[in-house]
Amino acid sequence: MRISDFDLYQALLKEKSGLTLTPDKSYLLDSRLTPVARKHGFATLESMSTALRGIPKPELVKDIIEAMTTNETSFFRDMKPFEQFREITLPHLLKARSSLKRVRIWCAASSTGQEPYSLAMLLKEEGAKLAGWNFEIVATDISTEVLETAKKGEYSQFEVQRGLPIQMLMKYFEQKGDRWALKNEIKSMVTYKYFNLLDPMAPLGRFDVIFCRNVLIYFDREMKKKIMENMTTLMPDDGFLFLGGAETVLGITDAFKLMENTRGVYIKPACTTIAPVQVKTA
Amino acid sequence: MPSCLVVDDSRVVRKVARRIVEDLGFACEEAEDGQKAYEYCAKTMPDAILLDWNMPVMSGIEFLEKLRQMPNGNGPKVIFCTTENDLAHIQRAMNAGANEYIMKPFDSEIIESKFSQIGLL
Ligand SMILES: C[S@@+](CC[C@H](N)C(=O)[O-])C[C@H]1O[C@@H](n2cnc3c(N)ncnc32)[C@H](O)[C@@H]1O
């Protein structure tokens, strides 16, 4: 690919999705974009690039973004965030929201659904403790392709063995040939929507908890800052933000601070109502 | 160093599994059927057992049932690792006292994920 074409895709991706394309990823362009060019009837990548310099069709731009996203995910990814959700976030919310009994959770880059479904199974496991409560999980992504997969809720044997305890596979999945399909009782707990993190967030409503994991790493500092600062406006003072293992607010924004003695759990600096986490001593 | 016994009648599978569990920090021993595994456990109980289902002489499930009857036989964490990939088999293994279940083919990521879920890592 020509350097000038690389610059073209870099600028397009940044503007439309926030994704930062670094030169070391340029090798990905050819392999990922050739099928897109073919689908849209271009004989070569060069002719697609030329078309993009004019006024490109939104469909083409959408397919290019989709092709360049990384959708890697797994059930209960990294485990720790989910344990902390169960041990820190849930007890707090069960106390603090006991009159309304309503909690809204947002998975802000849900990919093929493993993250929101992990939360749904985790909530289901709480059983009677949550009777009478209304937990809403909204899961969004910029890629309509992964959203379709997520809605379907069917996974390969390989996917259900990464992170998912066997007891949960037995309880919440049905075998369908060589695939595993989530039961409706879990699927129905999650609502999927297309959403671009660069878009205004207010229409999504308020959220007590936001999982925004392993997506900000692909954005530059300014974008990260903007997105996290937009997120604070959706959250009450005692809201929780979960970031991925390689993500932080340090040096990016003061809108959140790391909760002491946790990994990847962020709260608003002014919040005084969430009980601090004590380090467990053996 | 924690120990792991790999029980499988395929030498190739044992070799692959050995490499993975050693990378995870386990000292690895091998057995080629349930009977050999049983004899090994009568001498030394490992911390973890990676267990195939279909093997000559004594099957994995038979071995597991016997293991759990032995003194200290509840000690080892047992992870089935088999091509049997239907719910009925999984259910039976769990009822017999397995701690986790891997459906072949497996890779290092799956083994690591299962080991850490049951507190071996
Ligand atoms: C690596 S996956 C993370 C999945 C999951 N959160 C996890 O941690 O396993 C990143 C996801 O972010 C999505 N994504 C990338 N840019 C986005 C944007 N501007 N708005 C919304 N989603 C975006 C991608 O489509 C992809 O599915």
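Using a ≥ b ≥ c from the Cα gyration tensor of the range A:51-108 (square roots of the eigenvalues), is it rounded, prolate or oblate, where a/c under 1.5 gives rounded and otherwise the larger of a/b and b/c decides, a/b for prolate? Please report the intermediate quantities before stating the final value.
Values: a/c = 6.40, a/b = 2.35, b/c = 2.72.
Oblate.
Over the range A:169-282, what lengths in whole Å, largest first, do the semi-axes of the equivalent ellipsoid take, defined as the square roots of 5 times the eigenvalues of the alpha-carbon gyration tensor?
29, 21, 15
Taking a cut-off of 29 Å, what percent of all Cα-Cα pairs in the protein assembly as shown are separated by more than that?
Working: 43801 of 81003 pairs.
Considering the protein assembly as shown, 54 percent of its Cα-Cα pairs are separated by more than 29 Å.
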Centre separation in Å (Cα based) which lies between the range A:140-210 and the range B:58-87: 33
Residue among A:212, A:107, A:271 with the largest mean-square fluctuation in a Gaussian network model of chain A, springs linking Cα atoms under 10 Å: A:271
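Pairs of Cα atoms under 8 Å, at least six residues apart: use those to get the relative contact order of chain A, whole percent. Kindly include the intermediate steps, with their values, before the conclusion.
On the way: 400 pairs, mean separation 48.2, N = 282.
Reported as a whole number, the value is 17 percent.
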Cα-based Kirkwood hydrodynamic radius, chain B, one decimal, Å: 13.9
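Anything over 20 Å Cα to Cα? Flag those among A:14/A:57; A:95/A:268; A:151/A:193; A:129/A:152; B:15/B:104, in the order listed.
Details: A:14/A:57 17 Å; A:95/A:268 18 Å; A:151/A:193 10 Å; A:129/A:152 28 Å; B:15/B:104 15 Å.
Pairs exceeding 20 Å: A:129/A:152.
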Mean residue ellipticity (222 nm) of chain A, computed from DSSP H runs ≥ 4 via -39,500 (n - 2.57), nearest 500: -11000 deg cm²/dmol
Fraction of antiparallel bridges per DSSP, the range A:125-282 only, in percent to nearest 5: 55
Crossing angle, helix A:114-126 versus chain A [Cα axis fit, 0-90 degrees, rounded to tens]: 10
Chain A: most fluctuating residue of A:172, A:155, A:27 per GNM, C-alpha cutoff 10 Å: A:27
Environment charge at residue A:187 (Cβ cut-off 12 Å; Lys +1, Arg +1, Asp -1, Glu -1): +1
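Take each uninterrupted DSSP H stretch in chain B, measure its Cα extent along the helix axis, and return the ones at 15 Å or beyond whose mean Kyte-Doolittle hydropathy is at least -1.0. Walk me through the numbers on the way to the answer.
On the way: long enough: B:11-23 (18 Å, -0.45).
Flagged H segments are B:11-23.
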Reachable aspartates and glutamates, given that their alpha-carbon falls under 16 Å from the alpha-carbon of residue A:80 and they are not under 8 places away in the same chain: A:115, A:247, A:260, B:112
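Just the number, please: percent antiparallel of the DSSP beta bridges in chain A, rounded to the nearest 5.
Details: 12 of 30 bridges.
In chain A, DSSP labels about 40 percent of beta bridges as antiparallel.
The numbers here are math on the coordinates, done by the rules we state, and not lab data. Everything quoted here is computed from the prediction, not taken from an experiment. As a convention, Cβ positions derive from the backbone with ideal geometry for all residues, glycine included, and neighbour counts pool all protein chains shown.
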